[in-house]
């Protein structure tokens, strides 16, 4: 019994020593294969661990296994894993493939119905987003480069005949600086000169049936495409020139101190204590030979054997800017006061828009037109005008008519082709 007990104790001691040696060997192997900076785990995984592992995926589209020529091929039980990087502040770096892995190339073609790379909106201009200044005037292809917002600015009203814009804003009647700034700004846009041709048959020139009534716009003839070629300027009345100088009637008096500039007249207007007073800017067109154009138009109509009376005129719209002091009570009271007491008018400044540097007939002295001469304009427009009259149009003759004449040719408008009908 004693021998049996002794052998059992010795066998137990040998087993404990063997277990201790095995545990030490496994601990050594673990410390060598699970280093903190190794980035790999070479401990064999069970099939359940392999299937449930979120790190390694044989179907991953980003990386694929390739043999590493610099390192020995891993054993079948060694399963490479991608390290999970920690959260580092700053821009996210692009993933770098590990040794034994390479990125799978991606197609440069975007998926269908992908959104735009930039927002679909107009870019914000620097002056709008940073300085908050006024927007630049919009540009309209085919029209002169002008700030068309000035034809009807805020606090102004346009008259029914489209000739005058008027305001009773208080600051323009009490501040000479504000008034001068307004006048200079309004002088940068021209008036709208037109050609108006009316053919009428009846007992008198102003009654009866109107066969045709057409208009043409001459404003583009005042504004060259190159801003450096513009001829417009601002002028005030000179000594001895008859004008409304702060009274109810035109006169050559009074004169203002200094050089008679716009600033001096604006200061005089602001200092005026009249109950009703008004300061006006007039836009005028000069050096356009209207008589020559009227003669060409009448010759054209006569050649078409028109049996009625033709009226040719050159109206001008958008040609006045009026600043009046605020109404004391309402517009009616102001009108009655101005009627009985009289309105003090200041019409001492004009915005001059020359059609040419000199009147027609001065070509020998170097006459230069802002855009084109009267002869060139007539050659371009006579066929559209003839066709509009022959078709008895009531309305505008525009660039579309000229374009049709150039591209398609104007239909025949000989006298025999026009049926003017009965007289009444």
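Readers should treat all values here as calculations from the given coordinates under stated rules, not as data from a laboratory. The structure presented is a predicted model; accordingly, all values stated were derived computationally and were not measured. FYI the Cβ positions are ideal-geometry reconstructions off the backbone, even for glycines, and counts take in every protein chain you see.
Work out the FRET efficiency for residue 327 and residue 420 from their Cβ-Cβ distance, taking R0 = 60 Å, and round it to the nearest 0.05.
Working: r = 52 Å, r/R0 = 0.87.
According to the calculation, E is roughly 0.70.
Specify whether the C-alpha gyration tensor of segment 153-413 places it in the rounded, prolate or oblate class, a ≥ b ≥ c being the square roots of the eigenvalues: rounded for a/c under 1.5, otherwise prolate if a/b is larger than b/c and oblate if not.
Verdict is prolate for segment 153-413.
Suppose the chain between residue 209 and residue 196 were pulled fully straight at 0.36 nm per residue; how much longer would it get relative to their current alpha carbon spacing?
Computed gain between residue 209 and residue 196 is 3.0 nm.
Give me the one-decimal nm value for the distance between modelled label points at residue 139 and residue 299, 7 Å along each residue's Cα-to-Cβ direction.
It works out to 3.9 nm between the two label points.
Roughly how many nanometres apart are two label points built 7 Å out from the Cα toward the Cβ at residue 391 and residue 158?
The answer from the label model is 2.6 nm.
Packing-wise, with mean Cβ within 10 Å as the measure, how do 188-199, 255-266, 386-397 rank, highest first?
Ranked from most to least packed, the peptides come out as 188-199, 386-397, 255-266.
Under the classification rounded if a/c is under 1.5, otherwise prolate if a/b is larger than b/c and oblate if not, where does segment 194-272 fall, given a ≥ b ≥ c as square roots of the Cα gyration tensor eigenvalues?
Verdict is oblate for segment 194-272.
How far, in nm, would the chain grow between residue 367 and residue 261 when pulled straight, counting 0.36 nm per residue and subtracting the alpha carbon separation?
Length gained between residue 367 and residue 261: 35.3 nm.
What length, rounded to one decimal in nm, is gained on full extension from residue 272 through to residue 314, with 0.36 nm per residue of separation minus their alpha-carbon distance?
Working it through step by step, the gained length comes to 11.5 nm.
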